[in-house]
Amino acid sequence: MGEIFAVGPAWTSHWLGTGGWIKCWWLSCPDHHHNRGRETGRSVVGVWNARRSWTYLYDPGPNIFGQPTIETGPILRQFPITKEGDGRKKLSAYKMPPDISTDPRSSLVSALHVDGIFVDYMTGVAGQARAISTQGAEAIADKDRHLFPLTLANLAGMPRTFLLHGANDSGVPVSCSEKAAEKLRAAGVEVVEEFPADAEHGFDTRIGNINVESAESNGLNAVESLRNAIRFLSSSVAAMAEGQNLPASAVSELQRLSPADKQKVEEVAMKMMQSSSEEQKNAARIVLHQRFSVGQLQEMESLGKDPLILFYQDHAYQVLKANAARQQQQAQSG
């Protein structure tokens, strides 16, 4: 069975929360302990070599984070596998508690590790993980194949990718991201690796109350990783601005969309803006002022378009268009 390899807004580390939408980069962090298959009903999983790799997902083993051995039966009975038509409510993400031993969601994560049944919970199919470990990708049902993009999808169109993973992560082995880098590079994707030596699973949430711009934060893995990720994002945004259409052209392209498509673009763009930090918005404003003249920006405003809103709408449009093209390509190749 393969590794949990989650990408995009719901899965990124907390200090870069929802940045994965930017069209020319992709940030991935294995800080997924808030979004288990049991809560979401579905997760994103990638598999490279189902018979040899990532056995931590299907082989029973010790508890994680140095915790003592636990009895998994009561936990799994409390949180049974999600099945089709299950009426249980999905649980929202919440901050990592100070004492994970008393946290029910963390207890479920531990139980899935100990029993090696992560994939069973993600697909809703009991015995799925063991079947994949012996039969490979052939054991994956058609309805679940979209959960395994790194094995079954065409990665050639993936954007720039930033992999952040602690080298001593006891929850998800760093070999998962190392294999991800190999797979993506083989598909021609640019990959930047950030594997700090001393960064246990969820290290970015344990930094405490510290000013990340102060000298005292220098050398802290969580802070340095954040800075490197921001540099990656900044370089990606700058690259994205090269050759970008003039504002009027972007407005015209969006106006040609059908009402339903335009509404979808606006909804996605609004979510992007709401989830972006002020620092990310300021970076976008800097790009706008570097790329366009004062007159061009005024032209946009005269059309009733806030340049920043158009910036996000253009990103949303490009992301949705790329996703649609990728899905069409996968359907044709399948």
Exercise. Please enumerate the residues belonging to segment 85-107 that are at pLDDT 80 or above and under 21 Å from the mean Cα position of the chain (by Cα).
Key: 105, 106
Quiz item: In segment 55-170, which helices (runs of 4 or more DSSP H) lie fully inside it and hold 1 or more residues that are under 26 Å from residue 181 (Cα atoms), out of contact with any Leu (no Cβ under 9 Å at 6 or more places or on another chain) and in the same structural domain as residue 227 (by TED's automatic domain parsing)?
Solution: 104-115, 128-135, 149-152
Quiz item: Is there any pair linking a residue in segment 179-202 that is acidic (Asp, Glu) to one that is assigned to a strand (DSSP E or B) and at pLDDT 85 or above, with Cβ under 8 Å and at least six apart or on different chains, and which?
Solution: 190/161; 193/163; 194/162; 194/163; 194/164
Practice problem: Please indicate, with yes or no, whether at least one residue in segment 174-186 is out of contact with any strand residue (DSSP E or B) (no Cβ under 6 Å at 6 or more places or on another chain), assigned to a loop (DSSP other than H, G, I, E, B) and within 20 Å of residue 64 (Cβ to Cβ). | Solution: yes
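Table: residues versus (1) modelled with pLDDT under 80; (2) surrounded by 15 or more Cβ atoms within 10 Å (Cβ to Cβ); (3) under 14 Å from residue 315 (Cα atoms).
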site	(1), (2), (3)
171	no, yes, no
195	no, yes, no
204	yes, yes, no
218	no, no, no
232	no, yes, no
244	yes, yes, yes
255	yes, no, no
262	no, yes, yes
266	no, yes, yes
Practice problem: Being under 16 Å from the mean Cα position of the chain (by Cα) and closer than 26 Å to residue 100 by Cβ is the filter here, so list the residues in segment 179-204 that pass it. | Solution: 180, 194, 201, 202, 204
Self-check item: residue 313 farther than 25 Å from residue 149 by Cβ, modelled with pLDDT of 80 or more and touching an Asp or Glu at 6+ places or on another chain (Cβ under 7 Å)
Solution: yes
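In segment 124-144, what residues are of a type outside the set (A, V, I, L, M) and touching a residue at least 40 places away in the same chain (Cβ under 8 Å)?
First, the residues of segment 124-144 that are of a type outside the set (A, V, I, L, M): 124, 127-128, 130, 133-136, 138, 142-144.
If the condition is that a residue be of a type outside the set (A, V, I, L, M) and touching a residue at least 40 places away in the same chain (Cβ under 8 Å), then 124, 130, 133, 134, 135, 136 are the ones that fit.
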Quiz item: When you scan segment 270-325, how many residues do you find that are among the hydroxyl-bearing types (Ser, Thr, Tyr), part of a helix (DSSP H, G or I) and within 27 Å of the chain's Cα centre (by Cα)?
Solution: 3
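The values are calculated or read from the model by the stated rules, or taken from the named source; none is laboratory data. As the structure is a prediction and not an experimental result, all values here were calculated from the model. No Cβ is skipped: glycine too gets one built from the backbone with ideal geometry, and neighbour counts run over all protein chains shown.
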